[in-house]
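Worksheet: one structure, shown below.
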Amino acid sequence: MSTGINSEAVRLSILGMRCAGCVSAVEGALAAVAGVTSVSVNFADHSAQVTGSADPDALKQAVKEAGYDAAVMEGLEDPAEQEAQEMQRYRQLMKKAAVAGAFGALLMLAEHFDGLPEMGSKTGQWLWPEIALVTLSILMYSGWHFYTGAVKSLTLGQANMDTLIALGTGSAWLYSCIVIDYYDTLPSLAKHAYFEAAVVILAFINLGSALETLARGRTSGAIRQLIGLQPRTARVVRNGEDIDIPIEEVGLGETLRVRPGEKIAVDGVLLEGHSAVDESMLTGESLPVEKSVGAEVVAGTMNQTGSFLFTATRIGRDTALAQIIKSVRQAQGSKPDIARLADKIAAVFVPAVVAVSVVTFLIWYVFGPDPSLGYAFVTSMTVLVIACPCALGLATPISVMVAVGRAAQSGILIRNGDALQTAGKLTCLILDKTGTVTEGKPVVAVIEATGDLDEDRVLQLAASIESGSEHPLAASVLAAAERKQLKLEKMTQFEAIAGFGVSALCGAQRILFGNKALMDAKAIRFTRYNNRLEKLSALGQTPMLLAVDDAIVGIIAVADPIKKDSAVAVERLKSLGIRVIMVTGDNQITAHAIAKQAGITEVNAQVLPQDKAQVVKALQQQGEIVGMVGDGINDAPALVQADVGLAIGTGTDVAIESADVVILQGSLLKVPEVIALSKATVTNIKQNLLGAFFYNTISIPVAAGLLYPLFGILLNPMIAGAAMAMSSLTVVTNANRLRWMKW
């Protein structure tokens, strides 16, 4: 069911999260703060979305007490600055991996070529303690963040990835030191140090984290592109002079100038000039949009040809661009049901792995071959290192992030994770007519002169009398007259007759313009035109009669034409096996005429906006999974009732709280795209989860030595570290395939 996005949401950047186990710890800490109504922590981009009335400082304090750090994310961050921070983290991790890897490789080569003395020898008695100290310093340099994280989680009674790595590498170093100190008393087969294993494990894990950081950075590319659309300065007109000022200093109602090739700084309305504006990054529409006086322009879009002045109507966080970025971020941080399951498993996974490691140690120590202590130590350490649940924690959020970003680049705003999961399961789609299947802007389709007047004179008189009307169809008649540059006549004694039409005097002539009921009421004969009127109605047009001095002189038919791609979209939806129904408040004749043009066979006409939700509910009770496509205003109750509500909007119309998905371009062709993306994303998530579960299900028993009795195979702890790091990288790489998805 559709849900709105809470406007009081606070977005936090969480520092120190290194595995899926951290997610539940941070969520629990934030949920305990007074005033918090919901929390969603995204491990993929290390952020938290908190709704409610809680004080941001209290939220940050709660995160700190849980052993992490937090900062409130506000406004439009500089994408270059964000990228620089990611690259700095990447370089730090690579440096730590290189230092640990270089020393580990040196030790391994020295051991392989017998370049190290025996521990009990005279040289070995001073060299091996030196190696232990150097190893310790490298562990502190390359793994300090793991050890401090493990200590913090321990003091809070929790366990996470840091716990596993700290236990694994720390015990390797400690065991090796024991071997040095008690070399003479240990059995010969147990006299082996694991210094190289400890540092190489850290090298692999840091390398994996670095590559993951690099790959994860690409998943936020859509957000960075959107933020990058926002210019940093604006050219305002003050006291008759053009002045360049920082974007933050632009005020509401200010006049701004935009020249060819410049980005539009804030949302506004054209005051002077004419141009074409490229809105492709916001709406997915590749063709530039013509802009003239009175047209809306949107921040971040690119001016093409002309120069113009416009007045600022929305600034800062209120611009359409800022609202789109907010929507995308909230959706990327939201969790479909499948993610919540993964989080619950990850929360208990680390303690379970520690328990398995202890049991593995005891079994090998009691029942294993000599040296049982050595085997027990190696197998339990390998279990700890290989079993990190990072891949499990990344499986869902990384796919959601990529999918939502990919959709945003096509002019589709997916507002929550559940919609992304459910859209691919839709069995029935309800389409509103006006503005969804049709353009929503009535135009004059037919002008026919039936008397002594020509068509231009018929249109001129109709437009003249409609100039005093507020009826929605009047605007289309006036627009047609304006296109033909017809001069309007002066009308007197104007009268609007609700439900019928209008009446007025043009000089001494009585002019009537309206439907058949108006002509009936005024006793004007029109029966000879009935067949023509019925044919026009059957085409989905609204015919109106023009009478001068009690004689019919013309027919003007107004139509709301279907969008050029509506029929193609309906055909595509049907090919996906989706039942398509048009539900409209319009009359039966017009509704069926439009439905026929669009290729829709099921029509429910003369349905009031408030009753559309009941239509949705009735279909749901029949077992249908229902999507509702409407304009997001009149259709709000139905959008909320639907399993997935899709609002057809525009580049500026993004704050449609009742919709799960907002299609900015206004094209129905985007609906099958949403469904295709949903199916691809759910498949991608399942692949990630299956891979993560399979990895841990297979790797833990192998690490524990399951294959040893049959094949004599034991997994090397260093290989385990590499496998753990690569599992996370595999998940991130697989999710990034969604970025290149073809519709």
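The values are calculated or read from the model by the stated rules, or taken from the named source; none is laboratory data. Everything numeric here is computed off the predicted structure, so don't read it as measured data. So basically every Cβ, Gly included, is an ideal-geometry build from the backbone, and we count neighbours across all protein chains shown. Calculation scope for accessible area: heavy atoms of the full protein, side chains included, ligands and nucleic acids excluded. Shrake-Rupley method; radii C 1.70, N 1.55, O 1.52, S 1.80 Å.
Points worth noting:
- Remark: accessible surface ordering of K291, K425, K344 (largest first) is K344, K425, K291, probe radius 1.4 Å.
- Ranking by accessible area, most exposed first, for L174, L139, L154 with a 1.4 Å probe: L154, L174, L139
- Excluding same-chain neighbours fewer than eight residues apart, the lysines reachable from K122 by a Cα-Cα span under 27 Å are K191.
- Each residue was assigned an accessible area with a 1.4 Å probe, and for H192 the value is about 70 Å².
- In terms of distances greater than 31 angstrom between alpha carbons, the cross-link table entries K60/K344; K441/K574; K326/K574; K263/K686; K490/K522 yield K326/K574; K263/K686.
- Spin-label pair E241/T148, simplified geometry with 7 Å Cα→Cβ offset, distance in nm: 5.1 nm
- Here the range 534-646 carries DSSP beta bridges of which approximately 55% are antiparallel, counting only pairs with both residues inside.
- Cα-based reach from K96 at 17 Å (exclusive), listing aspartates and glutamates while leaving out same-chain residues under 8 positions away: E86, D162, E196, E212
- Heavy-atom accessible area ranking, 1.4 Å probe, most first, across R532, R415: R532, R415
- Only aspartates and glutamates eight or more places from K679 in sequence, or on another chain, were considered; those with a Cα closer than 19 Å are D337, D418, E571, E624, D643, D660.
- Of the complete DSSP H runs in the chain, those spanning 27 angstrom or more by Cα along the long axis with a mean Kyte-Doolittle score not below -0.5 are 79-112, 122-155, 161-181, 195-219, 337-367, 390-409, 670-703, 717-736.
- Leading residue at positive end of dipole, the chain (Cβ point charges), from G306, F513, A557: A557
- Rounded to the nearest 20 debye, dipole of the chain from Cβ charges on Lys, Arg, Asp, Glu: 1220 debye
- For mean projected area of the Cα convex hull in nm², the value calculated from this model appears in (i) 41.0; (ii) 46.7; (iii) 29.8 under label (i).
- Solvent-accessible surface (1.4 angstrom probe) belonging to I138, in square angstrom, nearest 10: 20 Å²
- Of the residues W364, Y529, I325, the one whose Cα sits farthest toward the positive end of the charge dipole of the chain, with +1 on the Cβ of Lys and Arg and -1 on the Cβ of Asp and Glu, is W364.
- Per residue solvent-accessible surface (Å²) - the chain, probe of 1.4 Å: 43 Å²
- Summed residue charge, Cβ within 11 Å of A593's Cβ, Lys/Arg positive, Asp/Glu negative: +1
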